[in-house]
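Scroll down for the structure; my scribbles are underneath it.
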Amino acid sequence: MAAGKKSESGESKKRKKTKSKTTEENDVASGSTEQPGASGGEQQQGALFPPTFSVSEIKNKQRRHFMFMKLKMEKRKEKLALRKKRKKEREALGDKAPPKAVPKTIENQRVYDETTVDPADEEVAYDEATDEFAPYFNRQTTPKILITTSDRPRGRTVRFTEQLSSIIPNSHVYYRRGLALKKIIPQCIAKEFTDLIVINEDRKIANGLILSHLPDGPTAHFKMSNVRLRKEIKRKGKEPTEHQPEVILNNFTTRLGHSIGRMFASLYPHDPHFTGRQVATFHNQRDYIFFRYHRYIFKSEKKVGIQELGPRFTLKLRSLQKGTFDSKYGEYEWVHKRHEMDSNRRKFHL
């Protein structure tokens with residue numbers, strides 16, 4: 001009996017040895033040799049590279065991520081080597097080198113907007129002389145703005161409203177409680193306010209802005225995003241002073257953009273105080289309006305330094321309505337349609 005047990009144990013050891021040899025041969029064939037005490041990362045590094053199969057077929061999440069990052073790194077190295085090779089070729093050719101390729105961007109690939117207007121056009125000049133903002137540009141009115149919020153605003157929206165009033169001269173803040181805008185507008189007209197700004201919020205975050213020019217409109221509704229208060233801005237300057245700022249309007253070149261630019265310009269007085277060195281900028285890019293508030297300083301004859309004072313935010317036009325705010329019977333000049341075809345959307349660019 002003892003001899004039988006010994007023979008059985010010897011056969012089992014032989015089977016284990018043959019199994020271990022076959023597994024080692026398979027590992028060598030697959031390219032993933034294992035060493036005793038080696039970690040998972042070292043095992044993965046021994047795999048064949050680049051793989052002959054799709055990385056998405058790897059079921060193990062960690063191994064799939066490792067292979068993906070390795071492939072990404074290899075592509076980056078190849079791209080860098082190709083760039084260095086082209087640079088050496090250009091240096092060797094000198095003046096005979098071909099011109100550099102212009103990189104593709106959203107701006108230079110954008111289709112030309114047919115509604116872009118020339119400021120010197122007679123029709124545009126007539127529209128400017130007869131629109132609702134003509135009294136302001138003729139210096140017949142002085143901007144007086146009322147800033148209010150949605151019903152019962154939260155702390156962040158309240159702070160944003162206060163900071164917004166500090167960068168718009170002659171503006172007043174009023175917190176309403178359940179009072180409809182249709183009742184606020186007649187009171188604003190009676191007290192000779194020229195504009196009404198309403199800040200809307202959702203889940204304690206400011207997400208909308210309504211700008212209504214009084215007394216005859218128009219009214220614009222914007223989606224607001226990327227709101228940053230002063231304390232959230234890095235390397236910000238000191239608090240803004242009471243000087244009237246300069247206003248910069250960029251890329252409001254179409255019919256619609258012309259109206260929106262004049263609406264923003266009518267919020268600020270005509271004669272800025274240049275001693276304050278403060279600038280309010282409305283920059284339109286890809287139909288998004290970026291607002292920044294800076295202070296500049298002349299370091300020398302050629303160098304100028306700027307400090308952002310805040311707040312900052314981004315606007316996206318949703319609708320432009322004739323007259324004052326009327327959500328039920330108002331006549332809309334333009335409404336943003338999200339699922340509109342690109343061919344029809346071109347003429348609505350700012």
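Structure summary
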read-out	value
Distance in nm between pseudo-label sites at Tyr126 and Asn138 (7 Å out along the Cβ direction from Cα)	1.7
Ellipsoid semi-axes in whole angstrom, largest first, where each is sqrt(5λ) of the Cα gyration tensor of the range 193-350	30, 17, 17
The range 294-304 - phi-based ³J(HN,Hα) in whole Hz, Karplus 6.51/-1.76/1.60, Gly and Pro as x	10, 10, 10, 8, 8, 6, 7, 5, 10, 10, 10
Residue order for Thr116, Thr52 - accessible surface, 1.4 angstrom probe, largest first	Thr52, Thr116
Amide H within-cut-off set for Gln285, under 5 Å, with H built and near neighbours excluded	Phe290
Heavy-atom SASA rank of Ser300, Ser212, Ser56 (probe 1.4 Å, accessible area, largest first)	Ser56, Ser300, Ser212
Surface accessible to a 1.4 Å probe, Tyr288 within the full protein complex, Å²	90
Above-threshold pairs, the threshold being 32 Å between Cα atoms, out of Lys104/Lys316; Lys182/Lys204; Lys61/Lys204; Lys204/Lys299	Lys61/Lys204; Lys204/Lys299
Cα gyration tensor shape for the range 97-213, rounded if a/c is under 1.5, else prolate or oblate	oblate
In sequence order, calculated HN-Hα J values of the range 171-188 (Karplus, 6.51, -1.76, 1.60; Hz; x Gly/Pro)	10, 10, 9, 9, 9, 8, 10, x, 8, 6, 5, 5, 8, 6, 4, x, 5, 5
Cβ-based net charge around Lys238, under 11 Å, with every Lys or Arg adding one and every Asp or Glu removing one	+2
Arg159, Arg338, reordered so the largest accessible area comes first (probe 1.4 Å)	Arg338, Arg159
Under Karplus coefficients 6.51, -1.76 and 1.60, residue-wise ³J(HN,Hα) of the range 219-235 in Hz, glycine/proline x	10, 10, 10, 10, 8, 10, 8, 6, 6, 10, 7, 5, 5, 8, 9, 6, 6
Local electrostatic count at Gly155 - Lys and Arg +1, Asp and Glu -1, tallied over other residues with Cβ under 12 Å	+3
For Lys236, residues with placed amide H under 5 Å, excluding near neighbours	none
The range 250-291 - Kirkwood radius from inverse mean 1/r over Cα pairs (Å)	11.4
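The values are calculated or read from the model by the stated rules, or taken from the named source; none is laboratory data. Here the structure is a predicted model, which is why all the values come from computation and not from measurement. Because the Cβ atoms are built from the backbone with ideal geometry, glycine has one as well, and the counts that use them run over all protein chains shown. Surface accessibility is based on the protein's heavy atoms, side chains included, excluding ligands, DNA and RNA. Shrake-Rupley method; radii C 1.70, N 1.55, O 1.52, S 1.80 Å.
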